[in-house]
Structures are given as structure tokens and as C-alpha cells.
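What follows is one structure encoded as C-alpha cells, with my remarks underneath.
The values are calculated or read from the model by the stated rules, or taken from the named source; none is laboratory data. Model, not experiment: these values are computed from the prediction. Ideal geometry is used to build each Cβ from the backbone, glycine not excepted, and the neighbour counts take in all protein chains shown.
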Amino acid sequence: MTQAKETIFSKIIRREIPADIVYEDDLALAFKDVNPQAPVHILVIPK
């Protein structure tokens with residue numbers, strides 16, 4: 001098995017980096033962007 005590349009997103013999923021999480025389930029995580037380009041800017045990432 002190969003190890004997944006370490007990313008800022010994997011660190012957010014593991015709660016190593018704080019994020020303003022707005023939704024989470026077994027498959028995805030959604031959080032507010034730290035540098036929003038719109039009044040509402042949410043990032044949704046797969047787990």
C-alpha cells in the first residue's frame with residue numbers, strides 16, 4: 001500500500017490544522033475558506 005501525499009486538507013481532516021467546519025459526514029468535510037473570494041466561500045473535500 002502506498003502512503004497518501006500529505007496535504008493541508010488531510011491535516012484539516014485529522015484536526016491538526018484548525019478550520020471552521022460547517023458540515024461533515026463519513027465521505028466529506030466542508031469548511032469556510034480562510035481567504036474567501038465571495039461572501040460565502042465553502043470548500044468541500046472528500047475524506
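In the range 1-18, the residues that are closer than 14 Å to Ile45 by Cα reach residues that are modelled with pLDDT under 95 and surrounded by 10 or more Cβ atoms within 10 Å (Cβ to Cβ) with C-beta atoms within less than 8 angstrom, at least six apart or across chains, in these pairs: Ile13/Lys47.
Could you tell me whether Pro46 is at pLDDT 95 or above and surrounded by 10 or more Cβ atoms within 10 Å (Cβ to Cβ)? In short, no. Criterion applied to Ile8, Ile12 was being surrounded by 13 or more Cβ atoms within 10 Å (Cβ to Cβ) and out of contact with any helix residue (DSSP H, G or I) (no Cβ under 7 Å at 6 or more places or on another chain), and the one residue passing it is Ile12. Filtered by the rule that a residue be surrounded by 11 or more Cβ atoms within 10 Å (Cβ to Cβ), of a type outside the set (D, E, K, R) and under 21 Å from Glu6 (Cβ atoms), the range 17-29 gives Ile17, Ala19, Ile21, Ala28, Leu29.
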